[in-house]
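Here is the structure we will look at.
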Amino acid sequence: MSGCNRFGPELDAYLDGELDAETREGFEAHLPACASCSLALEKRASLDHAIALLPRVEPSPQFEARFWARMARAEEPAGWRARWFALPRLGWVAAGAALVAGLALLLSLRDPSLSAQDWAIVADAEGFELLLEADPELLAALDVLEAWSGSEEI
Amino acid sequence: MIDDDARLMLRVRGGDRRAFEALFRRYTPPLVNFLARMLPERDRAEELAQEVFLRVYQARDRYEPRARFSTWLFSIASNLALNELGRSYRKRETPLEESVLDRLEDPQPGGEEHLEAKRAVSAVEQALASLPDRQRAALLLRAERGLGYAEIGEVLGASPSSVKSLIHRARENLLKLLGEREP
Ligand SMILES: [Zn+2]
């Protein structure tokens, strides 16, 4: 500041109660004689007061409901998908028929409860490396699904 | 020393869902407010606030009450906000013409004074928004949350002396932006 540059950041530290005892005593001795520091201190105090007076930004009414929905998704990391991949390898062939039937049902219902992420992972070829030896019908069904999910806005 | 929040968080670690709900309710307002002041978009601020609580919950098994719970919570929030801001380009500073600090006191509902007070509030909000991100974070943690320099340092990953400097520059910049130039 003009007029006095003995104290810079110390002004703030004084206001915030963060000065060590020695510096604080030095500053307090200087303050009554220095109009510049007194004014700077006063302005900082009123600035903080102004910030404290700002109306708080309130969470929107849906905030809580949205959060618990997100929690529910996060807590069950992939839902049906996790159980799916947890099936033992040999189970895949048997699961194939069920899958085809399930996909047909899904395609007909276009279940809106499945999130975009679910579909993206279903359509993700890497996720299905396990299936290299699997039932060709199953793979065909997945192709159908992939083509379908690519063509939809999901 | 373990504060009340840390005690709740230890219960969360032990699997107590109600303790988590209590922390969530207690900290939603200050967290949303802080992130809304840090980020330009309100919706994004709310998403990040949710992200903070989600991370707290996911990290519950590893929780140790080393620092105050709120320090930990605001560290996660600051990190997320500063990362987010680092990715988007910086807003331009728009200095405000006139001094507004005097007009902030005691807004009267209705009439000219009320309008003036509203303008003053909006000027302070704008000036805050145009501060460099870390300065804004440090000053908000000081002026709104009442944290000390050491704690702000923990939140922002900075030494107490860097915090002192951040806060000094934040106030200098704000006073300039608000037209309260040094005599
Ligand atoms: Zn002086």
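Please find the FRET efficiency linking A:ALA29 to A:GLU76, where r is the Cβ-Cβ separation and R0 is fixed at 56 Å, and quote it to the nearest 0.05.
Working: r = 65 Å, r/R0 = 1.16.
Efficiency at R0 = 56 Å is approximately 0.30.
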Ordered by fewest other Cβ atoms within 10 Å, a rough proxy for footprinting exposure, B:HIS168, A:HIS49 read A:HIS49, B:HIS168
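Sort A:ASP48, B:ASP3, A:ASP12, B:ASP61 by Cβ crowding within 10 Å, fewest neighbours at the top. Display every interim value, and only then the final one.
Values: A:ASP48 19, B:ASP3 14, A:ASP12 28, B:ASP61 9.
Taking fewest neighbouring Cβ atoms as first place, the list is B:ASP61, B:ASP3, A:ASP48, A:ASP12.
At a 10 Å Cβ-Cβ cut-off, how would you order B:SER159, A:SER46, fewest neighbours first?
Numbers: B:SER159 12, A:SER46 16.
Least to most surrounded, the residues fall as B:SER159, A:SER46.
Sum up the charges of everything whose Cβ sits under 13 Å from the Cβ of B:GLY146, counting Lys and Arg as +1 and Asp and Glu as -1, but leave B:GLY146 out. Could the numbers behind the result be given before it?
On the way: positive: B:ARG68, B:ARG142, B:ARG145; negative: A:ASP16, A:GLU18, A:ASP48, B:GLU144, B:GLU151.
Local charge sum for B:GLY146: -2.
Read-outs: derived from the displayed coordinates by stated rules, not from any lab. Quick caveat: nothing in here was measured; it's all calculated off a predicted structure. Reconstructed Cβ throughout: ideal geometry from the backbone, glycine too, with neighbour counts over all protein chains shown.
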